[in-house]
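Written out below as structure tokens is the structure these notes cover.
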Amino acid sequence: MDMELTNPGTALGTVSYMSPEQARGQLADARTDLFSLGTVLYQMATGVLPFQGDTSAVVYDAILNRDPVPVTKVNPAIPAEYSRIVDKAIEKDRNLRYQTATDLKTDLARLKRDLESGGKRAAEGGESRPTRQSEQSVAVLYFENVSGIKEDEYFRDGITEDIITELSKIRGLKIFSRPPVLAYRDKQVTPAQIGQKLRAAYVLTGSVRRSGNRLRISGQLIDTGTDFPLWSERYDRDLKGIFALQDEITQKILTALQVKLTQGEQELLLVHKYPDNLEAYDYFLRGWTYYFRFTKETNTQAQQMFERAVNLDPKFAAAYAGLSIAYLQEWVNQWSQDPQTLEQVLKLGQRAVALEDSLPLAHTALSWVYLLKKQLEQAIAETERAIALDPNYALGYADLAMFLNLAGQPEEAIGLAEKAMRLDPHYPAFFVSYLGQSYYLLRRYEEAIAAQKRALTLSPDFLYAHAFLAASYSESGRAEEAWAEAAEVLRVSPNFSLEVLWQMLPSRDPETDRILAALRKAGMK
């Protein structure tokens, strides 16, 4: 069989997917196509190409002379074995590459089998998977809104998230945070599929029907390995009893899993401080629905909802925390330059913690208060407190990574950012952007660029990803790309300036000066 698929001396196809031998105009064979397939596998896992550049000449040089950033560095949620397979597929020396498609297919099939069976923890370098009894991981899926009333969806979301919050207080459980399970809201998926995709030992499913002042909730806790329900129950209650019902469901789950609580955990579960006013709770849930749309308009609507909640119940700590974070988003994105906005962040964050010291979200709000006051040590302490209250708090680990970057500890920050991404496989853009900031500080510019590009595939208008990408290009001597990213910063936020960035940084030190100098070199003022 003739293995020559391309004539020597010609370059066919898209440059970014070419093999080194094609780039040199040499003979091509089946291994050439496997290189192109490896490039596709890399792109599927990371959202970016392994070999990049603005011109064909730059891409050719990358293919021939540069090693790509490892898959797991760009996306830590990807199994290490998958990264090894991709590395072998895009090996520059074709004699060390996969020799046949069958070899590549076999390795992928083996990885698929190991992930599905739980026989291997490929994401952790091949360690054996813990037993279900030791793992105790639970995915609380969003309850189905069986009333069919679209306006009630925020209510069922709130019930689900409150149960997630309560279960997350138990150190012996791994509870998946909001974003990973949010991806499966209103999707037709089975518990076994969730177990496979999220690697959850158990799944809580249920439904909510709200009719006037009456509430009907059903729930099932299912073992994803056997598809057997450990607990199942239906409740018909008055709407005023919603908080007691959430507590009861939480306790039923803990009983079904035979979880033994420490004295501290028992006390945490007893301290709820739910709002005295049910209408305040209703506005609070509406506020989060608007907040998570991440636009200027919906952020304003979120503020209005949270304000109504605290007006109805002045002791509602979570609503103060939500309002503080909504004002923080307005300030950070420069949707407002009014100093009063920053004052609101400070006042509301402090109020939230004063009302409920056991609420992780309140400590998140207060940590940013300290950062904006340039008190970095206190910001770190508040974030560590949030993590202590909820060991599965992905946002807490991500924020701590960012604060440690600012404290000059990027090596430690990398591990924290990666842990946040493991806890939340559907992580938001800023998680991977914080990882990119760590690489930038360590002068690992190619990895920094890859991480920020990954962040921008998740959120194309993420202001600080564009800013750090501009700085990384600038330090790498890629002036044209640096200027282009600086222009993107001003497109997203016309009021952004180096002074605005300086306000977000806790101190003026050599690393701060380096960032500002890199951005100034990229044309920012």
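Structure notes:
- Meets criteria (among the small types (Gly, Ala, Ser), outside any loop (DSSP other than H, G, I, E, B) and either open to solvent by less than 20 Å² (accessible area, probe 1.4 Å) or more than 25 Å from Ile149 (Cβ to Cβ) (or both)) for Gly219: yes
- All positions within the stretch 479-491 that are within 28 Å of Phe294 (Cβ to Cβ) and either in contact (Cβ under 8 Å) with a residue 60 or more places away in the chain or outside any helix (DSSP H, G or I) (or both): Glu481
- Across the stretch 73-93, the qualifying residues are those that are more than 28 Å from Ala394 (Cα to Cα) and part of a loop (DSSP other than H, G, I, E, B), and the one among them that is least open to solvent (accessible area, probe 1.4 Å) is Ile90.
- Close contacts from the stretch 1-29, counting a first residue that is over 14 Å from Ile63 (Cα atoms) and modelled with pLDDT of 50 or more and a second that is open to solvent by 60 Å² or more (accessible area, probe 1.4 Å) and of a type in the set (Asp, Glu), with Cβ to Cβ under 8 Å and a gap of 6+ residues or different chains, come to Leu27/Glu4; Ala28/Glu4; Asp29/Glu4.
- Any chance Ala413 is within 28 Å of Glu166 (Cβ to Cβ) and at pLDDT 90 or above: no
- Among the residues of the stretch 310-356, those that are under 25 Å from Met504 (Cβ atoms) and not in a helix (DSSP H, G or I) comprise Asn333, Gln334, Trp335, Ser336, Gln337, Asp338.
- Residue list for the stretch 140-170, filter: of a type in the set (Asp, Glu), more than 22 Å from the chain's Cα centre (by Cα) and more than 16 Å from Leu221 (Cα to Cα): Glu151, Asp152, Glu153
- Scanning the stretch 42-68 for residues that are open to solvent by less than 20 Å² (accessible area, probe 1.4 Å) and in contact (Cβ under 8 Å) with a residue 40 or more places away in the chain, we see that the one that is nearest to Leu104 (Cα to Cα) is Tyr42.
- Any hit, the stretch 398-409, residues being closer than 29 Å to Gly47 by Cβ, polar (S, T, N, Q) and buried (at least 22 other Cβ atoms within 10 Å of the Cβ): yes
- Every condition in (1) of a type in the set (Ser, Thr, Tyr); (2) open to solvent by 50 Å² or more (accessible area, probe 1.4 Å); (3) over 20 Å from Tyr393 (Cβ atoms) is met by Tyr370 except one, and the failing one is (3).
The values are calculated or read from the model by the stated rules, or taken from the named source; none is laboratory data. Not measured: the values here are computed from a predicted model. All Cβ positions, glycine included, derive from the backbone under ideal geometry; neighbour counts span all protein chains shown. Note: areas computed on protein heavy atoms with side chains; ligands, DNA, RNA excluded. Shrake-Rupley method; radii C 1.70, N 1.55, O 1.52, S 1.80 Å.
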